[in-house]
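The values are calculated or read from the model by the stated rules, or taken from the named source; none is laboratory data. Just so we're clear, the structure is a prediction, and the values are computed from it rather than from any experiment. Glycine gets a Cβ as well: all are built from the backbone with ideal geometry, and neighbour counts include every protein chain shown.
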Amino acid sequence: MVTMDDRIEKLLKNIPREDIGFFPTPLQRLKNMSEKYGLDLLIKRDDLSGPGFGGNKIRKLEFIIAEALERDCDYVITYGGFQSNHCRQLTAACKKYGLEPILYLASEKEPEEYRANLHLDKIMGAEINFVGEELDDMEKAMEKAFRKGKKRVEELEEKGFRCYDCPPGGFDRNGTLGFLRAFGELVEQLKGIGEEIEYIVHANGTGGTYTGLMMGKKIIASEIEIIPFSVSSLSPDFERKVSLMSEKVEQKLGGGIPTIDPEEVKVDTDHYGPGYDVPYDGSIKATKELAHEEGIILGPAYTAKAMAGLLDYIEKGKIENDSSILFWHTGGTPTIFAEDSIVGNVY
């Protein structure tokens, strides 16, 4: 059985965590893509990570849900885009543990038809609220969502209920632990197959996955280069947010572990296309290519854009031939059944 690196396991041994996911997730070689591009390309299948069609947030939710249960909460409230993968995974995790999920989603109005993640949220019985703002101004939409969420918490707590307020993407110190732990899991898997890699490539949204992986890398003193491809524009203080989150994680773990300096934060912002949840030629091509070559489906909003970035790096020589690369499939596959404006022409 694959465990995780001892150094990380010792740090996390006293931190409450629920076994929500199906870990370790599979580590596979992309044989056809490797031969095509003359390198060694592996994929980490977090699209198969757990209930509700899985995804990277399941790792974060193992710690978030554990704290919600410790606080004896009744409700978990969170926020996201119109077709939020995080909200769908949180809904599944909540239902598994008898918690009630309340979602605030960026959309001007309720859709006529519930598709993809929304369809799954509805099937699982989440309370779904649309905040009255479109995704073209996500910051404004989330500010409105937070106000509505705060009011809902106050209403519930006045009635004697307890609530856990979960940030978008599970980007808090509990959620970040999920990918610190994931780095340790990957290291042990690679040891098990006698493999060494030079790069980890993944999609970046709120920054929790990146922060966790970076902290895992620093704790183990790994030389693996982490390349995050952003799926939207970054806030001006993104580097500082990542650094501050690493400090919060360090405090939670009792201190004495390396944190992330803002100057260390390097995120590619050249491959998300016209905007969040909007496909473009590169992401559509990446979706088709991985499906045709390996029979693996990417999520259009996140992993398709990260794969588009990786393929562009390979083609331009930013990643050299004969390199060993791990692509971390962070999920989001249900959005392949979303609106055409999100998916694009993938046939």
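Filtered by the rule that a residue be among the hydrophobic types (A, V, I, L, M, F, W, C) and assigned to a strand (DSSP E or B), region 95-123 gives 102, 103, 105, 106. I'm checking my understanding of the structure. Among residues of region 44-75 that are touching a strand residue (DSSP E or B) at 6+ places or on another chain (Cβ under 7 Å) and under 23 Å from residue 201 (Cβ atoms), which one is surrounded by the most Cβ atoms within 10 Å (Cβ to Cβ)? Among those residues, the one meeting the criterion is 46.
Can you go through 199, 164 and tell me which one is more than 26 Å from residue 343 (Cα to Cα), assigned by TED's automatic domain parsing to the domain that holds residue 271 and surrounded by 18 or more Cβ atoms within 10 Å (Cβ to Cβ)?
Working: 164 fails: assigned by TED's automatic domain parsing to the domain that holds residue 271.
Sole residue among the options that is more than 26 Å from residue 343 (Cα to Cα), assigned by TED's automatic domain parsing to the domain that holds residue 271 and surrounded by 18 or more Cβ atoms within 10 Å (Cβ to Cβ): 199.
Of all residues in region 140-156, those that are more than 15 Å from residue 78 (Cβ to Cβ) have Cβ atoms under 7 Å from Cβ atoms of residues that are buried (at least 18 other Cβ atoms within 10 Å of the Cβ), 6 or more apart or on another chain, in 140/133.
For region 257-277, the tally of residues that are in a loop (DSSP other than H, G, I, E, B), touching a residue at least 40 places away in the same chain (Cβ under 8 Å) and more than 18 Å from the chain's Cα centre (by Cα) stands at 4. If only residues of region 323-347 that are part of a loop (DSSP other than H, G, I, E, B) and β-branched (Val, Ile, Thr) are counted, the one that is farthest from residue 203 (Cα to Cα) is 346.
For the subset of region 228-255 comprising residues that are in a loop (DSSP other than H, G, I, E, B) and within 14 Å of residue 267 (Cβ to Cβ), which member is nearest to the chain's Cα centre (by Cα)?
Among residues in region 228-255 that are in a loop (DSSP other than H, G, I, E, B) and within 14 Å of residue 267 (Cβ to Cβ), the one nearest to the chain's Cα centre (by Cα) is 231.
Check region 338-345 and report whether any residue there is under 29 Å from residue 183 (Cα atoms) and either touching a helix residue (DSSP H, G or I) at 6+ places or on another chain (Cβ under 9 Å) or outside the structural domain of residue 120 (by TED's automatic domain parsing) (or both). Checked against the condition, which is being under 29 Å from residue 183 (Cα atoms) and either touching a helix residue (DSSP H, G or I) at 6+ places or on another chain (Cβ under 9 Å) or outside the structural domain of residue 120 (by TED's automatic domain parsing) (or both), region 338-345 yields no hits at all. For region 229-276, filtering for residues that are within 23 Å of residue 200 (Cα to Cα) and either touching a Leu at 6+ places or on another chain (Cβ under 8 Å) or of a type in the set (A, V, I, L, M) (or both) leaves 13. Annotation: of all residues in region 2-43 being farther than 21 Å from residue 253 by Cβ and of a type in the set (Asp, Glu), the one that is surrounded by the most Cβ atoms within 10 Å (Cβ to Cβ) is 40.
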